[in-house]
1. When segment 334-352 is examined, which residues are found to be surrounded by 15 or more Cβ atoms within 10 Å (Cβ to Cβ) and in contact with an Asp or Glu (Cβ under 9 Å, 6 or more places away or on another chain)?
2. Within segment 256-299, how many residues are over 28 Å from the mean Cα position of the chain (by Cα) and either free of Cβ contacts under 8 Å to residues at least 12 places away in the same chain or surrounded by 20 or more Cβ atoms within 10 Å (Cβ to Cβ) (or both)?
3. Give segment 213-248 a look and list any residue that's at pLDDT below 85 and within 19 Å of S110 (Cα to Cα), or say none.
4. So which residues in segment 417-445 are under 21 Å from I516 (Cα atoms) and in a loop (DSSP other than H, G, I, E, B), if there are any at all?
5. (1) modelled with pLDDT of 95 or more; (2) over 23 Å from the mean Cα position of the chain (by Cα); (3) more than 15 Å from V535 (Cβ to Cβ): which one isn't true of A587, the others all being true?
6. Name the single residue, out of those in segment 353-371 being surrounded by fewer than 17 Cβ atoms within 10 Å (Cβ to Cβ) and touching a helix residue (DSSP H, G or I) at 6+ places or on another chain (Cβ under 8 Å), that is modelled with the highest pLDDT.
7. Can you say whether V343 is at pLDDT 95 or above and under 26 Å from V269 (Cα atoms), as far as the supplied structure shows?
8. Identify, by number, the condition in (1) more than 28 Å from R39 (Cα to Cα); (2) out of contact with any helix residue (DSSP H, G or I) (no Cβ under 7 Å at 6 or more places or on another chain); (3) surrounded by fewer than 22 Cβ atoms within 10 Å (Cβ to Cβ) that A129 doesn't meet.
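The values are calculated or read from the model by the stated rules, or taken from the named source; none is laboratory data. Predicted model, so just to flag it, every value in this text is computed and none were measured. Cβ placement follows ideal geometry from the backbone for every residue including glycine, while neighbour counts extend to all protein chains displayed.
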Amino acid sequence: MTRAQAYQRVKDRAKARSSAIVLAGQDIAPLPKVADARRRARADRDFKFFCETYFPHLFTLEWSQDHLRVIGKIERVVRHRETLAVAMPRGSGKTTLCLVAVLWAVLSGSHEFVFLIASDEAGADAMLANIKSHMAGNELLLADYPEAIHPIRVLESESRRCIGQRYYGVPTRIGWGVDGIVMPTIPGSRCSGSIIRVSGITGNIRGALHVRADGTQVRPTLVICDDPQTDASARSMLQTAERLSIINGAMRGMAGPGQRTAIIIPCTVIQGGDLADQLLDRQKNPSWHGERTKLVYSFPANEKLWAEYARIRAESLRADGDGHEATEFYIAHREDMDAGSAVAWPQRFLQSRGEVSAIQHAMNLKSDDERAFFAEYQNEPLRVSELRGDALTVPMVCEKANGRPRREVPLVCTKLTMFVDVHNKLLYYCVCAWQEDFTGFVVDYGTFPEQSDRVFSLEGARRTLGRTYPGAGPDGAIRAGLEKLVTDYLATDWRRGTGLMRIDRLLVDMGYKPGIVAAVKHKVGGAAMMLYKGVGIRAGSKPMSSYTRRPGETIGHCWYIPNVNKTAEFPHVAADVNHWKTFAHTALATSAGDPGSLTIFGTARDHELFAQQVAASETWTPTQGHGRVVHEWTQLPGKPDNHFLDCLAGCAVAASVAGVNLPGQQGPPRRQRKRYTQEDFRR
């Protein structure tokens, strides 16, 4: 044997010893013994006992009757693969119960594949992090379920250690990733190879399956969908319908053909008619066995004493106090103030803040924010009409459909106007016909390019200006699309009775790209097209009707055309958007047939997207100034699309510019010609 061969043999032996040491360190055998087999057996049978035994740090208060009923329903769903939608007051632990139910279902062997779904990806990640925390840190779970928890513990949250882990030399194939968990493959374990996976509800949840090392496929049989809606999606009829379709379609079919999927949806009702409200409605969706619990089932009868309590508490808090004066008042009158009340959870109140009863805690929450209280704690949100009686709603807009064909102008109308809202991806537009008393008819609306989907947003649009004009840059695509839209609509003959008419006035919003809009005006717009600029006139500002007319200017009803010859601006119409959005809402709220009403072509089911943008994208706040009340408009949180509201208000501005006046309203002042006498000529 040569020296080189001898050296190589030494290296091979050292490598073999090193590999053996590594493999020995990666092998988790033998497993610890079960600490209490009887306790574990009872926990496998009883979900309530499982919660109380292994998670006493999460469920610290005595169960309410609502809790016991919900716990029983969760157990039934897990065992018999039923469906359940449950809404409980915020802070009642509904999400925690469902996450613990995931552990119970997996560890007891009831389900091999559990899918956790949240309203978005961030929520899904948070749910998975909670599950991992329970598995990696609960000592009692480790004691009674060692075959499941011990292999996870030895990973020490290092996912790279999963690859080499073995049990008596055989890979456990454990998974500890960012999108889910694969339980270790251990002979005799009830949860051997079980899967927990997470996703957002709008993610790819269709066709979810897991292929094991032996080639067998496993599909989800238990789905926990936690709060499947966001504030923005709850306000959108279209997003609500889309998510409901996902739940009733893709989610119900996750278990595969011929199999039932157990589904639990802990949810919160954000507003009437939203996704949660529909799932909980046993009349509309009886298969979901909706369970809607409340913080207060009956409010106190003595409203006068509680009003005094609220006043004392508010004064104390304003003075940087802690409200103890109000608590003392409540203690002194407690019997009378509690009369008639019934709370769901008597143990729920904040002793740390000096509260002495659950009804006091509930009334404090109600006093702080009544709207949030009824939504978050009663699961019966106040309707918009209850909060502000004259507010427009999405169903109200849909119901203003008049049954007329699209693009047909009523014979009684004398003016036809159009407005275009310019954006980088789409051009939104609306066309309205008007009678002389400002009674209006929406005869057409849409986007350019036209969308094939009924449900779409500006950001999520598939057919965009950029894709329609692939050879152009962003500005070039906007210009080409605007030229096409303006040219086609100004050249369109609109059917009116037995005759035809054309658009009298077309306004295009210049706020985004004024140079492009001005170029289109000069090229194809002609006299009918004008540039438009929206101005938010607040109550403290001088109304446009009070502006002093300067030479070359035109002042109309809440709009004016400034003289821009001495400025760098493009010629345009400036309009008070607060006034005209209020006008559009008022017109839609006016009964059809009354002067000043506004109706829409087609049927109610045709206008969900339009109604959503008009009625549920912005809100107004009444303010006073200069002896008048102004509704100041702002977009709702989440910035929902509001482009059709802008278009509708813009069409009304265009009608006023074209000469349509409200009853009793004078048109724009005309320049008076000076009349000369013979004496003037002699002078």
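1. A344, W345, F349
2. Residues meeting the conditions: 2.
3. Step one: filter segment 213-248 for residues at pLDDT below 85, giving 213-215, 230-242.
Matches in segment 213-248: none.
4. H423, N424, K425, L426
5. That leaves (1) as the condition not met.
6. Within segment 353-371, the subset surrounded by fewer than 17 Cβ atoms within 10 Å (Cβ to Cβ) is 353-354, 356, 368-371.
Next, only the ones that are touching a helix residue (DSSP H, G or I) at 6+ places or on another chain (Cβ under 8 Å) stay: 354, 356, 371.
Details: G354: 93, V356: 96, R371: 81.
Among residues in segment 353-371 that are surrounded by fewer than 17 Cβ atoms within 10 Å (Cβ to Cβ) and touching a helix residue (DSSP H, G or I) at 6+ places or on another chain (Cβ under 8 Å), the one modelled with the highest pLDDT is V356.
7. Working: at pLDDT 95 or above: yes; under 26 Å from V269 (Cα atoms): yes.
Taking the combined requirement at face value, the residue satisfies it.
8. For A129, the failing item is (1).
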